[in-house]
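Take a look at the structure below.
The values are calculated or read from the model by the stated rules, or taken from the named source; none is laboratory data. Note that the structure is a prediction, hence the values are computed from the model and not measured. Cβ atoms come from the backbone with ideal geometry, glycine included; neighbour counts cover every protein chain shown.
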Amino acid sequence: GAGVSQSPRYKVAKRGQDVALRCDPISGHVSLFWYQQALGQGPEFLTYFQNEAQLDKSGLPSDRFFAERPEGSVSTLKIQRTQQEDSAVYLCASSLVALNTEAFFGQGTRLTVV
Amino acid sequence: ELKVEQNPLFLSMQEGKNYTIYCNYSTTSDRLYWYRQDPGKSLESLFVLLSNGAVKQEGRLMASLDTKARLSTLHITAAVHDLSATYFCAVGRDSNYQLIWGAGTKLIIKP
């Protein structure tokens, strides 16, 4: 596709449920980022992939969060045993190379944990 | 620790006026980005600034970077309603891949 695609757009999960969020980056983009954006705040970095390698996962808030990009294209962010504080918009971005270039963002997945 | 502060956080202005949004950051940075976000939409890249003194312009928006002052500005000239959005700056360093984001400036332009 022409842009970064994320699915689902909206997800309501019961506390304790596992969720999986999908990101389809722009074809050929090497770099893929996940961010978490709370209401009224700027995005916060979660993790970074260069092709299939997860080079930085320092922003993942707990071991309940796990991300993968097994074939260097589509990525999945998984959250286990969701908690209310996980409610946020999860943004995926991709860029052609790692640094000094603009990243293109998807529309995000709004996760609400009830 | 790299911190990014934007001000103002909220700005309501009339069409036709000029205004500036400021982005201050706390430590040395190699790159600075400006993004626009409309409600419920994704972040749209506006400018990438990579060197001291860099100035970029697109339509009614102009961004500049002063790495010595650790300051970037986004200047809006003769604002129009279509520019209403939230504007974010984000700062990064070559030492890692992370971008640190400001809290955003919500801009409302009244006809």
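Name every residue in the stretch B:22-43 that is in contact with a Phe, Trp or Tyr (Cβ under 6 Å, 6 or more places away or on another chain) and part of a strand (DSSP E or B), in order of residue number.
Selection gives B:Trp34, B:Tyr35, B:Arg36, B:Leu43.
Taking B:Ser95 as the residue in question, decide whether it is buried (at least 16 other Cβ atoms within 10 Å of the Cβ) and either modelled with pLDDT under 95 or within 11 Å of chain A (Cβ to nearest Cβ) (or both).
It is false that B:Ser95 is buried (at least 16 other Cβ atoms within 10 Å of the Cβ) and either modelled with pLDDT under 95 or within 11 Å of chain A (Cβ to nearest Cβ) (or both).
Does A:Asp56 satisfy the condition of being among the acidic types (Asp, Glu) and in contact (Cβ under 8 Å) with a residue 12 or more places away in the chain?
no
B:His75 - would you say it is surrounded by fewer than 13 Cβ atoms within 10 Å (Cβ to Cβ), more than 12 Å from chain A (Cβ to nearest Cβ) and either over 27 Å from A:Cys92 (Cα atoms) or in contact with a strand residue (DSSP E or B) (Cβ under 9 Å, 6 or more places away or on another chain) (or both)?
Taking the combined requirement at face value, the residue does not satisfy it.
Does the stretch B:44-58 contain any residue that is under 14 Å from the mean Cα position of the chain (by Cα) and away from chain A (no Cβ under 13 Å)?
There is at least one residue in the stretch B:44-58 that is under 14 Å from the mean Cα position of the chain (by Cα) and away from chain A (no Cβ under 13 Å).
Given the condition more than 25 Å from A:Phe104 (Cβ to Cβ), within 15 Å of the chain's Cα centre (by Cα), within 11 Å of another protein chain (Cβ to nearest Cβ) and part of a loop (DSSP other than H, G, I, E, B), answer yes or no: does some residue in the stretch B:61-70 qualify?
No, the stretch B:61-70 contains no residue that is more than 25 Å from A:Phe104 (Cβ to Cβ), within 15 Å of the chain's Cα centre (by Cα), within 11 Å of another protein chain (Cβ to nearest Cβ) and part of a loop (DSSP other than H, G, I, E, B).
Just checking: which of the strands (runs of 3 or more DSSP E) contained wholly in the stretch A:5-95 hold 3 or more residues that are within 14 Å of the chain's Cα centre (by Cα) and within 13 Å of another protein chain (Cβ to nearest Cβ)?
In the stretch A:5-95, the matching strands (runs of 3 or more DSSP E) lie at A:31-37, A:44-50, A:88-95.
Of all residues in the stretch B:43-53, which are of a type outside the set (Val, Ile, Thr), within 15 Å of B:Cys89 (Cα to Cα) and in contact with a Ser or Thr (Cβ under 8 Å, 6 or more places away or on another chain)?
B:Leu49
So which residues in the stretch B:1-19 are under 16 Å from the mean Cα position of the chain (by Cα), under 17 Å from B:Ala79 (Cβ atoms) and surrounded by 13 or more Cβ atoms within 10 Å (Cβ to Cβ)?
Within the stretch B:1-19, B:Pro8, B:Leu11, B:Tyr19 meet the criteria.
Among the numbered criteria (1) closer than 16 Å to A:Phe105 by Cα; (2) of a type in the set (Gly, Ala, Ser); (3) touching a Cys at 6+ places or on another chain (Cβ under 9 Å), which single criterion is violated by B:Gly102?
(1)
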